[in-house]
Amino acid sequence: RVLDNVSSNVDTIVLIRQGDVLGTLDFSADKMQFQSALSTLGGKVQALGAVNFDGTSKIHVDGKGLSLSTLGHIADLKFGGATDVWVDIDVVQGDAKIVGSFTAVNGEIGELFLGPVRGNAFFQNGLLSFENLVLPTAFQPVTGTGYVDFKPPEARYQFKVDARRVETDQVFKVFEKVGLPFRVPMHGEIGGKLSIDGGHDNRGIEVTSSGT
């Protein structure tokens with residue numbers, strides 16, 4: 001089992017309480033090499049790598065069909081949807097650097113419903129950065145960058161989005177859980193740039209935009 005009956009604390013970013021692991025370990029004088037298969041979060045994870053006895057580690061992870069909705073949250077920020085991930089992890093004396101890519105369906109972060117999205121991610125020192133984000137639309141794909149800062153006291157996020165030509169209802173679907181203070185238009189197209197900030201307080205999100 002993976003982290004069964006383990007309680008989280010303020011330093012925990014991700015806690016997976018259930019999972020079955022099957023794998024092999026190979027010990028030598030200076031390191032432990034492993035290859036494993038993990039069933040968790042409704043999906044499958046393949047991991048291989050080496051834990052060196054000098055305090056360094058290198059691990060590669062492939063995950064398929066992992067449920068972010070089952071995970072529920074990362075730190076104190078809600079996540080949802082399902083994702084495939086490809087991740088490389090480097091650890092030096094307890095300092096972990098994580099670089100990877102992902103493809104998600106029905107993706108959610110905090111109050112935002114992203115739907116299908118793919119991109120690259122980088123994590124270090126409590127900061128998760130996103131690059132080359134792509135959200136497909138009926139017209140032109142929406143692109144963007146962003147970050148989630150998990151450092152205490154509360155996680156916060158910011159995304160900058162370039163929507164050159166998008167259906168109006170698809171844009172406002174992103175904010176369907178927020179409760180917008182105006183009637184949402186049902187037809188037409190939108191083009192422009194958005195900056196979205198949220199997660200650091202209980203006041204919802206802040207959106208600034210330019211375009212047509």
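The values are calculated or read from the model by the stated rules, or taken from the named source; none is laboratory data. Predicted model only: the values in this text are computed from it and were never measured. Note: ideal-geometry Cβ built from the backbone for every residue, glycine included; neighbour counts use all protein chains shown. When the accessible area is computed, the model is the full protein with side chains, heavy atoms only, and any ligands, DNA or RNA have been set aside. Shrake-Rupley method; radii C 1.70, N 1.55, O 1.52, S 1.80 Å.
Points worth noting:
- The fraction of accessible area contributed by carbon and sulfur in segment 28-180 is 57 percent, rounded to a whole number (1.4 Å probe; ligands and nucleic acids excluded).
- Near-label residues of segment 122-152 by backbone N, under 12 Å of a point 7 Å along Cα→Cβ of residue 105: none
- Cross-link check: pairs 97/160; 58/97; 151/173 evaluated at a Cα-Cα cut-off of 20 Å; pairs beyond the cut-off: 97/160; 151/173.
- The stretch between residue 29 and residue 139, if pulled fully straight at 0.36 nm per residue, gains 33.9 nm over its current Cα-Cα span.
- Heavy atoms of residue 40: accessible area, 1.4 Å probe, square angstrom to 10: 10
- Where 58, 64 fall by accessible area, highest first, once all protein chains stay in place (1.4 Å): 58, 64
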